[in-house]
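**Student:** Below: one structure in structure tokens.
The values are calculated or read from the model by the stated rules, or taken from the named source; none is laboratory data. Just so it is clear, the model here is predicted, and its values are computed rather than measured. Neighbour counts run over all protein chains shown; Cβ positions are idealised from the backbone, glycine included. In case anyone asks, the SASA skips ligands and DNA or RNA and just uses the protein heavy atoms, side chains included. Shrake-Rupley method; radii C 1.70, N 1.55, O 1.52, S 1.80 Å.
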Amino acid sequence: MCGLILLDKPEGITSFTTVNRVRRALNYKKAGHTGTLDPLATGVLPVLLGGATRFAQFLPSSRKAYLAGFQLGTTTTTLDITGEVLQKRTVQATREDILTALAPFRGKILQVPPMVSALKKDGQRLYELARQGIEIEREPRPVEIFALELRSDELYIECSAGTYVRSLIDDLGRALGCGACMTTLRRVAANGFDIAQCTPLDDIAQAPIFAIEDVFSCYPAVQVSAAQATRFRNGGALDLSRTNITNPIEDELYRVMGEDFLGLGRVQGEELTIARLLIT
């Protein structure tokens, strides 16, 4: 059996630990999450089970949404409240000042990843270097902020994959001239799923398991014959002219359906090649 469950990750544990608890609770040998959340963070954490783990890279990931608490006037080594305090300043910024300062961060921007990130430099993750007190230069990376709102005392952020909320808050503090750090972080949407669909970790035994073909409903389906299904399972590409695909687009992904879900296919020239086979 394979599929996906949606967890509401609790604060205080890593995503890796969360997945290990899922594996033990549901008796799965293979399980993996689709996007790391720091121990401080809570919220949407999709976990793939069994053969579905091979499909992680194909999950839709264009947008994520967060609610983030922040504290003006304080900067830390980790850009969040858990780090060592570097500086405290008097805050004179008003709500209107914050709203004005947020405007330049909407849309396509360049962002420097924090040292406390899972990015790698020469094979070593940045957060591992940070724990050794080592800071290296990081190249700015393009990200996109689709929505950025001040809601009461926290920020609502819709952003592209790869955006670091703690860096965004640190940049906001710099723009206001007083510094800032992140105090809370809750992911409320990811991979096309919403927090309302998620199950708390303590209730994992009752969590619904989504079939892997339903997870990829964003991709059009192509129905194949028994002979085509056998060919696809054996690693063979399918002739597009013998499928129901019309107006194919190069590199477009399809759910390949026989009597059940076979895997994902990709348009390559005149053929539908294998992007990933389902192996249960």
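**Student:** Report whether or not residue 152 is open to solvent by 70 Å² or more (accessible area, probe 1.4 Å), closer than 26 Å to residue 111 by Cα and not aromatic (Phe, Trp, Tyr).
**Tutor:** On the way: open to solvent by 70 Å² or more (accessible area, probe 1.4 Å): yes; closer than 26 Å to residue 111 by Cα: yes; not aromatic (Phe, Trp, Tyr): yes.
Here the answer is yes, as residue 152 does meet what is asked.
**Student:** While we're on this one: Of all residues in region 198-221 being more than 27 Å from residue 11 (Cα to Cα) and in contact with a Lys or Arg (Cβ under 9 Å, 6 or more places away or on another chain), which is most open to solvent (accessible area, probe 1.4 Å)? Write out each step before concluding.
**Tutor:** Within region 198-221, the first condition is being more than 27 Å from residue 11 (Cα to Cα), and the residues that meet it are 211-214, 216-221.
Remaining after also requiring in contact with a Lys or Arg (Cβ under 9 Å, 6 or more places away or on another chain): 213, 216-217, 219-221.
On the way: 213: 53, 216: 0, 217: 80, 219: 44, 220: 52, 221: 50 Å².
The selected residue is 217.
**Student:** Which of the residues that make up region 52-68 are touching a residue at least 60 places away in the same chain (Cβ under 8 Å) and farther than 21 Å from residue 164 by Cα?
**Tutor:** Correct list: 52, 54, 55, 58.
**Student:** I need every pair where a residue in region 210-227 that is closer than 13 Å to residue 55 by Cβ has its Cβ under 7 Å from the Cβ of a residue that is open to solvent by 50 Å² or more (accessible area, probe 1.4 Å) and assigned to a loop (DSSP other than H, G, I, E, B), sequence separation at least 6 or different chains.
**Tutor:** 218/192
**Student:** Another question, if that's okay. Keeping to region 1-51, report how many residues are touching a strand residue (DSSP E or B) at 6+ places or on another chain (Cβ under 6 Å) and without any contact (Cβ under 8 Å) to a residue 12 or more places away in the chain.
**Tutor:** Going through region 1-51 one residue at a time, the tally reaches 1.
**Student:** Tally the residues that are open to solvent by 100 Å² or more (accessible area, probe 1.4 Å), basic (Lys, Arg) and either within 19 Å of the chain's Cα centre (by Cα) or modelled with pLDDT of 85 or more (or both), restricting the search to region 121-148.
**Tutor:** 0
**Student:** Tell me, please, whether a residue that is within 21 Å of residue 130 (Cα to Cα), open to solvent by less than 10 Å² (accessible area, probe 1.4 Å), out of contact with any Cys (no Cβ under 6 Å at 6 or more places or on another chain) and of a type outside the set (Lys, Arg) can be found in region 56-68. Quick ask: steps written out before the conclusion?
**Tutor:** In the first step, residues of region 56-68 are kept if they are within 21 Å of residue 130 (Cα to Cα); the result is none.
No; the residues of region 56-68 include none that is within 21 Å of residue 130 (Cα to Cα), open to solvent by less than 10 Å² (accessible area, probe 1.4 Å), out of contact with any Cys (no Cβ under 6 Å at 6 or more places or on another chain) and of a type outside the set (Lys, Arg).
**Student:** Just to confirm my filter: which strands (runs of 3 or more DSSP E) fall fully inside region 174-280 and include at least 1 residues that are out of contact with any strand residue (DSSP E or B) (no Cβ under 6 Å at 6 or more places or on another chain)? Give the steps one after another, and end with the answer.
**Tutor:** On the way: elements: 180-190, 221-223, 253-257, 261-268, 271-277.
Filter on region 174-280 gives 261-268, 271-277.
**Student:** With respect to residue 118, determine if the residue is free of Cβ contacts under 8 Å to residues at least 24 places away in the same chain, open to solvent by less than 60 Å² (accessible area, probe 1.4 Å), of a type in the set (A, V, I, L, M) and not in a strand (DSSP E or B). Give the derivation first.
**Tutor:** Working: free of Cβ contacts under 8 Å to residues at least 24 places away in the same chain: no; open to solvent by less than 60 Å² (accessible area, probe 1.4 Å): yes; of a type in the set (A, V, I, L, M): yes; not in a strand (DSSP E or B): yes.
Against the criterion (free of Cβ contacts under 8 Å to residues at least 24 places away in the same chain, open to solvent by less than 60 Å² (accessible area, probe 1.4 Å), of a type in the set (A, V, I, L, M) and not in a strand (DSSP E or B)), residue 118 does not qualify.
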